[in-house]
Amino acid sequence: MSKLGNLGARLHHGEIGYDFIKNRKIWYGVSILITIMAILGLAVRGLNMGIEFQGGAVFTTPKHMSTSVAQAETYAHDASGNEVIVQKLGDGSLRIQIAGIETGKSDQIKETLAKDLKVNPEHINADLVGPSWGEQIANKAWQGLAIFMVLVVIYLAIAFEWRMALAALVALIHDLTITTGVYALVGFEVTPGTVIGLLTILGYSLYDTVVVFDSLKEQTKDITRQTRWTYSEVANRSINGTLIRSINTTVVALLPVAGLLFIGGGVLGAGMLNDISLSLFVGLAAGAYSSIFIATPLVADLKEREPQMKALRKRVLAKRAQGAAQSESPEAEPVGSTAGDEPEDVAPAVVGPHNQSLSRGRGRGRPPGKRR
């Protein structure tokens, strides 16, 4: 077995592990700090909405243009007076995007661009998008997101419990806020591809969170019938048991997305890949982080507020204190004491149903010798 596989097996069996729940305040603080930065980015810089949402025109020039991107930006800005985004495509053509222009003004801009670029106006392709269509797309996106969130909460509340549903919702909002904040800080254009990427990462984040929740639900079955583990400790074991799996799935998912973002969008200059690849890259990383450091610790916090879990914690701590006192005591065990004299309220060190293996008084009062 490989070292990583051996590590995963030891984590799964609880032989080793990191105390995520104990250090949850650190992770909460990190998440709050990142979220504040994302909100400030949205408030100060805002999102760079594409023409699909605010309307405008996209002009595509013929192939193998000798004009540079900077020159094309100057020509387009002088012709329209609006903000311009110019991208050089793989075939050498230029994609000139001008937002917020009226449909009737596009023909005039096209003629001016053709003159400045020294090409035939008929060789420039123009695609127009009205602002009403973009507003409709934005409304549909918000409606789809709201419906998705409601269905997620209902499903998790039925399949698990409302505390897990609430924690998953907080994690999803956390992932959305960070991803949109990164878009605002970086300045990448928000297009329908970005919306698709956001919905994709929500599904991935939810899947990763449900895996941990399922393990937690299985291990906490009949948890109040034992006195070895508190709920937080079992939750920590669930995180460690699925940790290697979460890391593996996240790395495998991030590798092709990183290829799209850094190679396709950066090296090859395929700018249209940036809108979806950035949302996937940031969202997948944030989703893996939130499922481990946010969702499950939040469930543990909520569960530890229940009277049953408070009573369980007291019993566990009392038993540990009693065991520590007995181990430190120098007095020897009285002669003649047997395992049958142990108190009945001592439960086995497992989570789940248990049976008393010894019975008090078994065999007492019988004479020694062969029994019939």
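The values are calculated or read from the model by the stated rules, or taken from the named source; none is laboratory data. Just so it is clear, the model here is predicted, and its values are computed rather than measured. Virtual Cβ from ideal backbone geometry, glycine too; neighbours counted across all protein chains shown. Protein only, heavy atoms only, side chains kept; ligands, DNA and RNA dropped before computing areas. Shrake-Rupley method; radii C 1.70, N 1.55, O 1.52, S 1.80 Å.
Across the range 166-223, the qualifying residues are those that are aromatic (Phe, Trp, Tyr) and under 18 Å from THR242 (Cα atoms), and the one among them that is modelled with the highest pLDDT is PHE213.
Among the residues making up the range 125-146, those that are open to solvent by 80 Å² or more (accessible area, probe 1.4 Å) and hydrophobic (A, V, I, L, M, F, W, C) are LEU128, TRP133, TRP142. Of all residues in the range 161-168, at least one satisfies being under 22 Å from MET309 (Cα atoms) and more than 18 Å from the chain's Cα centre (by Cα).
If you go through the range 86-108 and pick out every residue that is open to solvent by 40 Å² or more (accessible area, probe 1.4 Å) and farther than 20 Å from GLY55 by Cβ, you end up with 4. Return the pairs, sorted by first residue and then second, in which the second residue is assigned to a loop (DSSP other than H, G, I, E, B), the first residue lies in the range 25-52 and is surrounded by fewer than 15 Cβ atoms within 10 Å (Cβ to Cβ), the beta carbons are less than 9 Å apart, and the residues are 6+ apart or on different chains. That search, which allows pairs on different chains as well, returns ARG45/GLY187. In the range 300-314, the residues that are closer than 18 Å to SER215 by Cβ form Cβ pairs under 8 Å with partners that are open to solvent by less than 90 Å² (accessible area, probe 1.4 Å) and among the hydrophobic types (A, V, I, L, M, F, W, C), at six or more places apart or across chains, as follows: ALA300/ILE21; ALA300/ALA235; LEU302/LEU166; LEU302/ALA167; LYS303/ALA235; LYS303/MET309.
Given the criterion open to solvent by 60 Å² or more (accessible area, probe 1.4 Å), under 30 Å from TRP142 (Cα atoms) and not assigned by TED's automatic domain parsing to the domain that holds ARG237, identify the matching residue among GLU83, GLU122, GLU111. I'd like the intermediate steps shown before the answer.
Working: GLU122 fails: under 30 Å from TRP142 (Cα atoms); GLU111 fails: under 30 Å from TRP142 (Cα atoms).
Only one candidate qualifies: GLU83.
Screening the candidates ALA57, ALA70 for the property of being among the hydrophobic types (A, V, I, L, M, F, W, C) and open to solvent by 40 Å² or more (accessible area, probe 1.4 Å) yields one hit, ALA70.
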